[in-house]
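A.B. asks: Here it is, the structure, as structure tokens.
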Amino acid sequence: MNMKSRSVACGMCIAGLSFATATTGVVKTAAALSEDQKLKENKVIENKAVESHVLQGQQSQAELEKATAAIMEQIITTPKKISLKIAQTSKQEEERRAKEEKKEKEKKEQEKYNQAKFITNVTDGYLNVRKKGSMKGEIIGKLYVGAGGRIVQYGKKWSFIKSGKLKGFVATRYISFGEEYKAEKKKHDTIIKGITLKEEQKIIEKQRREEEKARLREEKQRQAQQEEAWRLADQAESAPAEETREAAVAAHGEEYLLACLVQAEAGGEIYEGKLAVANVVLNRVQSSSFANSITDVIYQTGQFSVVNNGSLASIMSQGPAQECVQAARDALAGNNNVPGYLYFRSRHCNGYVETSHSQRIGNQIFYQ
């Protein structure tokens with residue numbers, strides 16, 4: 001190989017070596033750059049991790065502080081809540097005990113008066129007995145003044161009682177029991193029993209029957225008197241009525257005539273009724289609407305039917321009863337039980353109505 005060729009070859013080798021060396025340097029520089037990049041990225045990651053850890057630490061600290069505050073608040077408020085709860089429980093217990101004591105007291109009071117004697121404290125009328133302890137309860141009977149019995153079950157407002165056959169509720173304030181019973185009992189001679197509405201209805205019906213029987217007897221008696229008067233009138237038909245009247249008055253006086261009229265008009269009535277008839281005659285004498293004497297009032301036309309039917313004449317011939325004579329004398333003495341009354345009639349007459357200006361005495365009504 002010549003020198004020229006060897007030089008060229010050497011040059012080529014040197015060039016190739018230089019190229020290789022240059023290439024290697026380039027590659028190393030790129031690797032170095034890649035490593036730096038990784039380091040930077042790792043640093044960023046580390047920084048983020050540190051920041052995250054710090055943030056987590058801050059959150060944990062805040063949560064810890066919050067939890068601590070909650071615990072402290074609970075520590076402070078719990079005793080108050082416990083005290084309040086204890087106070088409420090204590091109050092509820094006191095209320096419960098108070099209710100139980102009240103019930104026990106009412107129970108003892110009820111037991112005290114159960115089966116105790118009682119008497120009504122009403123001053124007039126009667127006390128209603130009801131089926132239920134309420135003003136709306138059905139009325140099943142009555143306790144009149146002086147009625148009494150026993151308390152079956154005592155109650156502050158309503159008590160269940162028994163009086164005779166009557167059992168029911170009455171308002172407690174209208175009955176006396178205990179110490180008050182003794183004081184109220186002294187006001188009455190006897191303690192009567194209560195009556196049911198059925199018993200009361202039977203009593204009313206019995207009274208009506210008795211009144212009807214009395215009316216029929218009275219009617220029969222009047223009819224008999226009228227028939228007797230007619231018979232006597234027929235016998236005395238020949239004697240002038242005026243002469244008979246004058247002779248009777250002259251012989252016995254006006255007191256006798258008045259007593260005979262009382263006998264004719266009210267012979268079957270009670271004494272007060274006889275006295276009232278006598279006073280009606282005297283009231284007429286004092287009135288300007290009638291005659292001025294007993295004789296003229298009695299024989300005034302159209303006034304006394306017993307004059308026309310002969311009853312008065314019959315009684316004058318036989319004489320009046322002693323009670324009729326006494327009634328006439330008492331009336332003449334000023335004992336007037338119907339002052340101002342000028343008329344009277346039987347209460348059994350049709351159209352009979354009592355008014356504020358009338359007075360019922362026995363079976364007769366006296367009015368002005």
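The values are calculated or read from the model by the stated rules, or taken from the named source; none is laboratory data. Values in this document were obtained by computation on a predicted structure and should not be read as measured data. Note: ideal-geometry Cβ built from the backbone for every residue, glycine included; neighbour counts use all protein chains shown. Surface accessibility is based on the protein's heavy atoms, side chains included, excluding ligands, DNA and RNA. Shrake-Rupley method; radii C 1.70, N 1.55, O 1.52, S 1.80 Å.
A.B. asks: Go through Lys107/Lys165; Lys107/Lys187; Lys156/Lys193 and tell me which ones have a Cα-Cα distance over 29 Å in this structure. Walk me through the intermediate numbers first.
C.D. replies: Numbers: Lys107/Lys165 27 Å; Lys107/Lys187 31 Å; Lys156/Lys193 23 Å.
Correct reply: Lys107/Lys187.
A.B. asks: Then there's this: Write down the Å³ per residue value for the convex hull defined by the alpha carbon atoms of segment 306-345. Please report the intermediate quantities before stating the final value.
C.D. replies: Working: hull volume 3.9 nm³, N = 40.
It comes to 96 Å³ per residue, whole-number rounded.
A.B. asks: Rounded to whole Hz and in sequence order, give me ³J(HN,Hα) for segment 109-115 from the Karplus expression 6.51 cos²θ - 1.76 cosθ + 1.60, θ = phi - 60°, writing x for Gly and Pro.
C.D. replies: Running phi through 6.51 cos²θ - 1.76 cosθ + 1.60 with θ = phi - 60° gives 5, 5, 5, 5, 9, 4, 6 Hz.
A.B. asks: Amide H neighbours of Gln364 under 5 Å, counting only residues 5+ apart in sequence or on other chains, H built in-plane at 1.01 Å?
C.D. replies: Here the answer is Arg347, since their amide H atoms fall under 5 Å of that of Gln364.
A.B. asks: Separate question: Around Arg215, under 11 Å between beta carbons, what's the net of Lys plus Arg minus Asp minus Glu among the other residues?
C.D. replies: +2
A.B. asks: Now for a separate question. At 1.4 Å probe size, put Met72, Met316 in order of accessible surface, largest to smallest. Provide the component values of the computation, followed by the final result.
C.D. replies: Details: Met72 100, Met316 25 Å².
In descending accessible area the options line up as Met72, Met316.
A.B. asks: So who's got an amide H within less than 5 Å of the one on Gly164, skipping anything under 5 residues away but keeping other chains? H placed 1.01 Å off N, in plane.
C.D. replies: Gly194
A.B. asks: Moving to a separate point now. So what is Rg over Rh here for segment 56-213, counting just Cα atoms and using Kirkwood for Rh?
C.D. replies: Numbers: Rg = 32.0 Å, Rh = 20.6 Å.
My calculation of the ratio gives 1.55.
A.B. asks: Note down the net charge around Val306, summing +1 for each Lys or Arg and -1 for each Asp or Glu among other residues with Cβ under 12 Å from its Cβ.
C.D. replies: Numbers: positive: Arg222; negative: Glu228, Glu265.
So the surrounding residues net to -1.
A.B. asks: With a ≥ b ≥ c taken as the square roots of the eigenvalues of the C-alpha gyration tensor of segment 90-158, please select rounded if a/c is under 1.5 and otherwise prolate if a/b is larger than b/c or oblate if it is not? Walk me through the numbers on the way to the answer.
C.D. replies: Working: a/c = 3.44, a/b = 2.29, b/c = 1.50.
Note, shape of segment 90-158 comes out prolate.
A.B. asks: Net charge within 11 Å of Val262 by Cβ-Cβ distance, Lys/Arg positive one each and Asp/Glu negative one each, not counting Val262 itself?
C.D. replies: Details: positive: Lys274, Arg329; negative: Glu255, Glu265, Glu269, Glu323, Asp330.
Here the charged neighbours net out to -3.
A.B. asks: Rounded to whole Hz and in sequence order, give me ³J(HN,Hα) for segment 208-222 from the Karplus expression 6.51 cos²θ - 1.76 cosθ + 1.60, θ = phi - 60°, writing x for Gly and Pro.
C.D. replies: Result, rounded to whole Hz: 4, 5, 5, 5, 5, 5, 5, 5, 5, 5, 4, 4, 5, 5, 4.
A.B. asks: Per-residue HN-Hα couplings for segment 77-83, Karplus 6.51 cos²θ - 1.76 cosθ + 1.60 at θ = phi - 60°, whole Hz, x for Gly and Pro?
C.D. replies: Coupling constants for segment 77-83: 7, 4, x, 5, 4, 5, 5 Hz.
A.B. asks: Mind computing the radius of gyration and Dmax over the alpha-carbon atoms of segment 27-148? Å is fine for both.
C.D. replies: When restricted to Cα atoms, segment 27-148 yields Rg and Dmax of 44.5, 139 Å.
A.B. asks: How big is the gap, in Å, between the Cα center of segment 105-158 and the Cα center of segment 191-213?
C.D. replies: 23
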